1. For region 1-43, which GluC sites (Glu not before Pro) are both in a DSSP coil and crowded by at most 11 other Cβ atoms within 10 Å?
2. What FRET efficiency comes out for residue 55 versus residue 22 if R0 is 35 angstrom and r is the Cβ-Cβ distance? Round to the nearest 0.05.
3. Which ³J(HN,Hα) values, rounded to whole Hz and listed in residue order, are derived for region 16-25 from phi using the Karplus coefficients 6.51, -1.76 and 1.60 in 6.51 cos²θ - 1.76 cosθ + 1.60 with θ = phi - 60°, glycine and proline given as x?
4. Read phi for every residue in region 6-12 and hand back ³J(HN,Hα) as whole Hz from Karplus 6.51 cos²θ - 1.76 cosθ + 1.60, θ = phi - 60°, with x for Gly and Pro.
5. Applying the Karplus parametrisation 6.51 cos²θ - 1.76 cosθ + 1.60 with θ = phi - 60° to the phi angles of region 48-56, what ³J(HN,Hα) value in whole Hz is obtained for each residue in order, glycine and proline being reported as x?
Amino acid sequence: MFSSLDANVVEGPLTIRAGVSAANVDRAVASIDEEVTRLLRDGVTVKELNESRQYWSDRCRGPSRPAAELRPFFKPWSFST
């Protein structure tokens, strides 16, 4: 399962991809629909938001970028929880 939100200064698409066997396509689509419905209804949890921030912080930082250098990048984002 993979998803990406391709937005910048304007809205952009949310793309969700799932590699599943042909026998499981309906089940995968139903699962994705359930998760997107839950996300729209309830928003993200604090845990989900923190995990996402940590992932992107680790990914952007790499071995040579200090965490403090990335703070301005993450601070302007606001998420409903």
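1. Those that pass, being in a loop and sparsely packed, are 11.
2. E between residue 55 and residue 22, to the nearest 0.05, is 0.70.
3. Result, ordered by residue: 10, 10, 9, x, 9, 5, 4, 5, 10, 4 Hz.
4. Each residue's phi maps through the Karplus curve to give 9, 10, 9, 8, 10, 4, x Hz.
5. In residue order, the calculated couplings are 4, 5, 5, 5, 5, 4, 5, 4, 5 Hz.
Only the coordinates and a few stated rules stand behind these numbers; no lab work does. In this text the structure is predicted, and so the values were computed from the model without any measurement. In this analysis, Cβ positions are derived from the backbone assuming ideal geometry, glycine residues included, and neighbour counts consider all displayed protein chains.
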